[in-house]
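Student: This structure is in structure tokens; I'll ask about it shortly.
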Amino acid sequence: MENEIFLMTSDAAKILDRSAAAVILYERTGKLPAIKTANGRRLFRKEDVLKLARKLKREAGEDSRQAR
């Protein structure tokens, strides 16, 4: 855990190309695990954010192929 990189909600939102509210929704629905700090901030492992970004990109590709 000491070598892991953690991101704040705004940084995760930039990587995912989504709003901060969407990132929080992903966390609340279990799609993106988070650690809450003592002051209530969410921290996301960069690895988890990148994994979700790949999944969303694949799903977007599938949706565009189905629309044809």
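No lab work stands behind these numbers, since they all come straight from the coordinates. Quick caveat: nothing in here was measured; it's all calculated off a predicted structure. Every residue, glycine among them, receives a Cβ derived from its backbone with ideal geometry; neighbour counts consider all protein chains shown.
Student: Each label point is 7 Å from the Cα along the Cα-to-Cβ direction; what then is the distance between the points at ILE24 and LYS46, in nm?
Tutor: For the pair ILE24/LYS46, the computed spacing is 2.5 nm.
Student: Long-range amide H contacts for ALA34: which residues qualify at under 5 Å (H placed 1.01 Å from N, peptide plane, sequence gap of 5 or more or a different chain)?
Tutor: Residues meeting the amide H criterion: none.
Student: With log10 I(q)/I(0) by the Debye sum over Cα atoms at q = 0.16, 0.17, 0.24 Å⁻¹ defined as stated, name the option among (i) -0.62, -0.67, -1.02; (ii) -0.46, -0.53, -1.07; (iii) -0.55, -0.60, -1.04 computed from the structure displayed.
Tutor: (iii)
Student: Also, quick follow-up: Report the full-extension gain for the segment ASP17 to GLU62: residue separation times 0.36 nm, less the Cα-Cα distance, to one decimal in nm.
Tutor: 14.4 nm
Student: Further question: Which one, ASN39, LEU50, VAL23, is farthest towards the positive end of the dipole of segment 6-66 when Lys and Arg carry +1 and Asp and Glu -1 on their Cβ?
Tutor: Looking along the dipole axis, the top candidate is ASN39.
Student: Only four residue types carry charge here, +1 at the Cβ of Lys and Arg and -1 at the Cβ of Asp and Glu. Report the dipole size of the chain about the Cα centre in Debye, rounded to the nearest 20.
Tutor: For the chain, the charge dipole is close to 180 debye.
Student: Sequence gap at least 6, Cα distance under 8 Å: using those rules, report the relative contact order of the chain to the nearest whole percent.
Tutor: 34
Student: Now for a different question. Let me confirm the definition first: pairs of Lys residues in the chain, 8 or more apart or on different chains, C-alpha distance under 19 Å. How many are there?
Tutor: Here the count comes out as 12.
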